[in-house]
Amino acid sequence: MSQVDAAARLPALAEPVLRGTIDVIQTLILVVVVTAFIQLELPSVRRHDAVERIQRYVIVKGALSAANGLLLGLWCWAWGVEGALLWGVLAFALNFIPVIGSLAAAVPPVALALVLGSPADAAGVAAGYVAVNLVVDNIVEPRVMGRAAGLSPLVVLVAMLFWGFVLGPIGALLSVPLTIVLRAALATSPGLRWIALLFDDDADQSRERSSSRRYSERRSIPSTFAA
């Protein structure tokens, strides 16, 4: 295949990048909407906690997606796949979509390696995508994302499955922010607060108990003076 033919195919190959970018923008808009809901509906203490968790989630998710895109872009470059930078950006954008995003990001560079190279080249590129996504998405991300959002890794995985089943792909995409909102709502009820604590990792449970004690002490001070 000539360079002219490859250039002619570039718009078609760039289309997934555009779709991935739109998905990222939609995700950010939805996160803003969820955050606005929290600001309006939750008490001040819980509101601050939930917003802080969502902010940490967005930052860490962006950093992990950037690492994913960098590693896969370098891998494509190492195998001589044309447009390695483009495939790195695509991997970054589609990594915001759970499960299917990583698979979709692998299709264009693997197909390009097969067409312009050989089956061995395509297999090598595919192996890199499988390895990076296995480590980043299935090992590193649940642990790091859980700590960032104050949720246990098991809760992060179960939340993605649950919200994905209830709301479809958009539910899986927003599983962590939705779970943070649910946890904050449960924490506002004294009778259901124990369920909210089950969502947390061990370190965050300790912080939650300390915060609850301080909040209770602050509320008891005016009553003491009034007596």
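The values are calculated or read from the model by the stated rules, or taken from the named source; none is laboratory data. Keep in mind it's a predicted model, so treat the numbers as computed, not measured. Cβ atoms come from the backbone with ideal geometry, glycine included; neighbour counts cover every protein chain shown.
Structure notes:
- Candidate set from the range 105-115 (those that are under 18 Å from G88 (Cβ atoms) and among the hydrophobic types (A, V, I, L, M, F, W, C)); member that is surrounded by the most Cβ atoms within 10 Å (Cβ to Cβ): A105
- Screening the range 78-104 for residues that are outside any helix (DSSP H, G or I) and over 22 Å from the mean Cα position of the chain (by Cα) and picking the one that is surrounded by the fewest Cβ atoms within 10 Å (Cβ to Cβ) gives G80.
- Residues (surrounded by fewer than 16 Cβ atoms within 10 Å (Cβ to Cβ) and without any contact (Cβ under 8 Å) to a residue 12 or more places away in the chain) located in the range 162-181: F165, V166, L167, G168
- Residues being within 22 Å of M160 (Cβ to Cβ) and at pLDDT 65 or above are entirely absent from the range 73-81.
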